[in-house]
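In what follows, a single structure is set out as structure tokens and then discussed.
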Amino acid sequence: MKPLNEKLILKDATINKVQFDREWFYKLDDMAFYLKEDLSEVEFIFLPFTIDGEQEFVKCSSFEDIIRARKEFK
């Protein structure tokens, strides 16, 4: 399992992220690709993202939810 460091993920340009209500949320597809893991069991919400100039709602999760799910399904 690849270790996670939120500060590094915030700097990573390949992971789409958005700050909502003072908390960072990460696009689950990007995190799954980055970690090379199945994150289908992670709790998520839909948040608006502007990708390539178009706004769409995508599955997003907080850093804590991703960590919790990785520990539960280890």
List I67, I9, ordered by accessible area with a 1.4 Å probe, largest first: I67, I9
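Given DSSP loops and a limit of at most 16 other Cβ atoms within 10 Å, what is the longest stretch of the chain that contains no such GluC sites (Glu not before Pro)?
Values: sites that count: E37, E41, E43.
After excluding every exposed loop site, the longest remaining stretch is 1-36.
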Accessible heavy-atom area order of R70, R22, highest first, probe of 1.4 Å: R22, R70
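Taking only DSSP H segments of four or more residues, each worth -39500 (n - 2.57), what value at 222 nm results for the chain once the sum is divided by all its residues, to the nearest 500 deg cm²/dmol? Intermediate results must be reported in sequence, preceding the final value.
On the way: 3 runs with 24 residues, N = 74.
It comes out at -8500 deg cm²/dmol, rounded to the nearest 500.
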Amide H partners (placed H, <5 Å) of F20, local residues excluded: F25
Probe 1.4 Å - accessible area at L8, Å² to nearest ten: 100
Per-q log10 I(q)/I(0), the chain, q = 0.17, 0.23, 0.28 Å⁻¹ (Debye; single scatterer per alpha-carbon; no solvent): -0.60, -1.11, -1.58
Reachable aspartates and glutamates, given that their alpha-carbon falls under 15 Å from the alpha-carbon of K7 and they are not under 8 places away in the same chain: E23, E64
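Starting from the residue with the highest accessible area, list Y26, Y34 in decreasing order, probe 1.4 Å. Let's see the in-between values first.
Numbers: Y26 0, Y34 50 Å².
Listed by decreasing accessible area, they come as Y34, Y26.
The values are calculated or read from the model by the stated rules, or taken from the named source; none is laboratory data. Here the structure is a predicted model, which is why all the values come from computation and not from measurement. Backbone-built Cβ (ideal geometry, glycine too); neighbour counts: all protein chains shown. All accessible areas refer to the heavy atoms of the entire protein, side chains included, with ligands and DNA or RNA removed. Shrake-Rupley method; radii C 1.70, N 1.55, O 1.52, S 1.80 Å.
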